[in-house]
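Novice: What follows is a structure written as structure tokens; I'll ask about it next.
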Amino acid sequence: MLCLEAGKSVLCEKPLTVNAEQMKILYKTAKAKNLFLMEAVWTRYFPLSIAVREHITSGDIGEVLRVSADLSIGVIPEEEFETSHRMVNKDLAGGCLLDLGIYSLTWVFQTMWHTLSQDLQKQGGKPKVVGTAMTAEPRTGVDEMTTMLLEFPKSTPSGMTKAHAVATTAMRVGFDPDGRNSAGPTVRVQGNKGELQVYGPIYKPTGYRLIQKEGDVKDERFEVPGGGHGMFWEADEAARCWRDGKLESAGMSWEESTLIMEVMDEVRKQSGLTYPEVIESTKYPVELKAK
């Protein structure tokens, strides 16, 4: 908000805010001031992510009816994190959901929602959180494991039926126990004519598999060039938008960004996870007091 009030465009690391109401305030401010603002979900801009979405919109696996996605890190929180660490500190909106689970939801939304036409999005309405399960970290009460079940009113790409998604995240179990991907894919996009499998870590994946009912199994690799980390694709997108006078990126629109945060709000509501009022506040400026 300080940057926006100073007339500066913003690319801000995910999650952009702690809750959806805070996010709406920021987007409203950016629009009023005619400034670019984007939640930095870098995975959206990887060539691999774009290729997966193109397979879906091209109908290569038919109608997508179910997606599962996981990001779990396989650590013992009591050994890995002091209670002041951002991963387990309630004062810093700690826990799996906002830090790790947002990537699971990113894959759910970019394969099931982002690939729908705007007309179908409007016809179908928003996805529903139909179930959650959450385990609390014993010292601080943040979530150390969360499972989310979502129902999308329109399947992608044609909207022929409902679709389901399961998004998971955890600390004590890991997506890749032996470090060699022996556990298999961490994202499965299942259509009525085939399946797309993405191998972790899903925040910067480098490979996927296309399996079709009629056709060969295809493995594709997308290595990050030049020994880079991969954030430059997101940075390039932000720069192009800023150069062209856009207020938001089509790859991570304000509407979709807000929708994902609303889902995380609902997951926390159903599971009873709250953060201190001072960081949930929609007042600006917030009066912060040292502890």
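Novice: How are the alpha carbon pair distances in the stretch 206-291 distributed across 5 Å bins from zero to the largest one, expressed in percent?
Specialist: Calculated over all Cα pairs of the stretch 206-291, the distribution is 3, 9, 10, 10, 12, 15, 17, 12, 7, 3, 2, 1, 0 percent.
Novice: Fewest to most neighbouring Cβ within 10 Å: what's the order for K14, K213?
Specialist: Details: K14 21, K213 11.
Arranged by neighbour count, lowest to highest, K14, K213 become K213, K14.
Novice: Under the rule of at least 5 residues apart or a separate chain, name every residue whose amide H is placed under 5 Å from the amide H of T186.
Specialist: Correct list: V198, Y199, G200.
Novice: Hey, any idea what Rg/Rh is for the stretch 1-137, computing Rh the Kirkwood way over Cα pairs?
Specialist: Values: Rg = 17.7 Å, Rh = 17.7 Å.
My calculation puts Rg/Rh at 1.00.
Novice: Let me ask something else about it. For A250 and A133 in the same chain, what is the full-extension length gain: residue separation times 0.36 nm, less their Cα-Cα distance, in nm?
Specialist: On the way: separation 117, 0.36 × 117 = 42.12 nm, distance 3.20 nm.
Taking A250 through A133 to full extension adds about 38.9 nm, to one decimal.
Novice: State log₁₀ I(q)/I(0) for the chain at q = 0.15 Å⁻¹ as given by the Debye formula over alpha-carbon point scatterers of equal weight, solvent excluded.
Specialist: The Debye formula, applied to the Cα set alone, gives -1.27.
Novice: Under the rule of -39500 (n - 2.57) per DSSP H run of 4 or more residues, summed and divided by the residues of the chain, what mean residue ellipticity at 222 nm is obtained, to the nearest 500 deg cm²/dmol? Could the numbers behind the result be given before it?
Specialist: Numbers: 9 runs with 84 residues, N = 291.
After summing the helix terms and dividing by the residues of the chain, the value is -8500 deg cm²/dmol.
Novice: Then there's this: For the stretch 64-164, treating each Cα as an identical point scatterer without solvent, what Debye log10 I(q)/I(0) comes out at q = 0.15, 0.23 1/Å?
Specialist: -0.66, -1.09
Novice: Next question. Nearest-5 percent of antiparallel DSSP beta bridges in the chain? Please list the in-between numbers first.
Specialist: Details: 38 of 49 bridges.
Looking only at bridges with both residues in the chain, the antiparallel portion is about 80 percent.
Novice: Return the FRET efficiency for the residue pair T282, T161: r is the Cβ-Cβ distance, R0 is 25 Å, and the value is rounded to the nearest 0.05. Numbers along the way, then the final one.
Specialist: On the way: r = 37 Å, r/R0 = 1.50.
E between T282 and T161, to the nearest 0.05, is 0.10.
Novice: Give the range of the longest stretch in the chain that excludes all GluC sites (Glu not before Pro) found in loop regions by DSSP and having at most 12 other beta-carbon atoms within 10 Å.
Specialist: Free of exposed loop sites, the longest segment is 83-213.
Novice: Over 28 Å between C-alpha atoms is what I'm after, so list which of K14/K122; K14/K126; K126/K218 land there.
Specialist: Details: K14/K122 25 Å; K14/K126 21 Å; K126/K218 33 Å.
Over 28 Å Cα-Cα: K126/K218.
Novice: Students often get this wrong, so check it: of K31/K204; K24/K90; K90/K289; K90/K269; K204/K269, which have C-alpha atoms separated by over 26 Å?
Specialist: Where the Cα-Cα span goes over 26 Å, the pairs concerned are K31/K204; K204/K269.
Novice: Still on this structure, please answer the following. Measure off 7 Å from each Cα along the Cα-to-Cβ vector at K193 and K289, then give the distance between these two points in nanometres to one decimal.
Specialist: 6.2 nm
Novice: How do T146, T161, T140 rank when sorted from fewest to most other Cβ atoms within 10 Å of their own Cβ? Please report the intermediate quantities before stating the final value.
Specialist: On the way: T146 25, T161 12, T140 19.
Going from least to most buried by this count: T161, T140, T146.
FYI, it's all coordinate maths here, none of it is from the lab. Keep in mind that what you see is a predicted model, and the values were worked out from it rather than measured. Glycine also receives a Cβ, built like all others from the backbone with ideal geometry; neighbour counts cover every protein chain displayed.
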